[in-house]
Amino acid sequence: MESPVLWPYRSPPAHEAVSAIIRRRSTNAADVREIALDGFDLSLAKRVLDLGCGFGFMAEAVAPRVAPEAEIVGVDVWQANQPPFLERVAAHGRRASFNCMNVGWELPWPDGTFDLVICSYSLYFFAEVLPEIPRVLTPNGTFLALTHSRRDFPALALIVGLSAPGGEWLSIISRFSAENGGSRLGRWFGQVERVNYPNTLVFGRDEIDDLLAFLHFKLPLLLPGWQPSDELPPGVCERARKLLSMRGKLVIEKNDAVFRCRKPRTQFE
């Protein structure tokens, strides 16, 4: 059975809806994918691996930048993500395949299979795979990772009524975050470039529906045992409405980081 913290991602429409809310409420108008790929020449990449691909959020931005004959291989634990992932890649004229599997300690591909590996907001769920990423890359291959900051959730915890974002969330994000990503990646890559994406999400009095939908998606990370099929607890809704009414707006930090890694090292070096 999959961990409850992964359950929100099994519904591509719900995931896409929250992604749209994040874009609407962001104070940083730049698309984080464009920031991640700015000045990044992928024109020679022919084999691409997207770990934790979801509905194709990152693959959609990468597809038009890779070689015309490239294939993007998506990996995700939820089979429901296959159709939207394949559609987003195909829309840019690139080939795609999808593997429904858990990402664990080992990847089922030979050494040097991929020119590019990407991992967008998911490596903290399976950080144990990190030594395998340089192995499946070609010597000139590149790894691109997007991740959250440990500081992203205190405001959400306050809205939910928690004193601090502990439990599942802190345990998960601590495995690969904006704060420790560079040091973790430095062991496996000779060159690690960090690109900051400063951002906040702002919800005004008229945006309560967006706020509640965002909370509904994130709650499994904050409240162990809570399932996305459940309605938001009445206390959470009431607290969110009250805080928004009192303050006029609620601000949630969303400072992400992009890591662009080259010169892969294997565990035997």
Quick query: amide H of ILE118 versus all other amide H atoms, modeled in the peptide plane; which residues come in under 5 Å with a sequence gap of 5 or more or a different chain? LEU49, ASP50, LEU51, LEU144
Determine which lysines satisfy two conditions relative to LYS263: a Cα distance under 20 Å, and not lying fewer than 8 residues away in the same chain. LYS46
Value at 222 nm in deg cm²/dmol, rounded to 500, when DSSP H runs of n ≥ 4 in the chain each add -39,500 (n - 2.57): -9500 deg cm²/dmol
With both partners inside the chain, how many of the DSSP beta bridges are antiparallel, as a percent to the nearest 5? 50 percent
Cα-based shape type of region 48-186, given that a ≥ b ≥ c are square roots of the gyration tensor eigenvalues and the cut on a/c is 1.5: prolate
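Loop only per DSSP, at most 15 neighbouring Cβ atoms within 10 Å: give me the GluC sites (Glu not before Pro) in region 104-136, ordered by residue number.
GLU106
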What's the extension gain from ARG23 to ALA91 if we count 0.36 nm per residue and subtract their Cα-Cα distance? 22.3 nm
Expected vector for region 149-162, Karplus 3J(HN,Hα) from phi with 6.51, -1.76, 1.60 and θ = phi - 60°, integer Hz, x for Gly and Pro, equals 9, 5, 8, 6, 9, x, 5, 5, 4, 4, 4, 6, x, 9
Checking the a/c ratio against 1.5 first, then a/b against b/c, what shape does the Cα gyration tensor give for region 1-102? oblate
Looking at region 33-80 from every direction and averaging, what is the projected area of its Cα convex hull in nm²? 3.3 nm²
Of (1) 0.96; (2) 1.01; (3) 1.06, which is the value of Cα Rg over 2.2 N^0.38 Å derived from the coordinates here? (2)
For LYS249, go through the aspartates and glutamates and keep the ones whose alpha-carbon is under 20 Å away, minus same-chain ones fewer than eight residues off. ASP152, ASP206, GLU207, ASP209, ASP210, GLU238
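In debye, nearest 20, what is the charge dipole magnitude of region 4-264 about its Cα centre with +1 on Lys and Arg Cβ and -1 on Asp and Glu Cβ, if you could check?
560 debye
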Between PHE98 and residues 5 or more places away or on another chain, which pairs have amide H atoms under 5 Å apart, with H built 1.01 Å from N, and which residues are they? GLY74
The answer for ASP256, listing residues at least 5 apart or on another chain whose modeled amide H is closer than 5 Å to its amide H, is TYR197, ASN199
Using θ = phi - 60° and the Karplus relation 6.51 cos²θ - 1.76 cosθ + 1.60, list the HN-Hα couplings for region 42-57 in order, rounded to whole Hz, with x at every Gly or Pro. 10, 5, 9, 6, 10, 10, 10, 10, 10, 8, x, 5, x, 7, x, 3
Charges only on Cβ, +1 for Lys and Arg, -1 for Asp and Glu: so what's the dipole of region 1-126 about the Cα centre, in debye to the nearest 20? 360 debye
Set of lysines near LYS254 by C-alpha distance (under 17 Å), chain-local residues within fewer than 8 positions excluded: LYS218
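Every read-out reported here was derived from the displayed coordinates using simple, explicitly stated rules and does not represent laboratory data. All figures in this text were calculated on a predicted structure; none of them were measured in a lab. Note: ideal-geometry Cβ built from the backbone for every residue, glycine included; neighbour counts use all protein chains shown.
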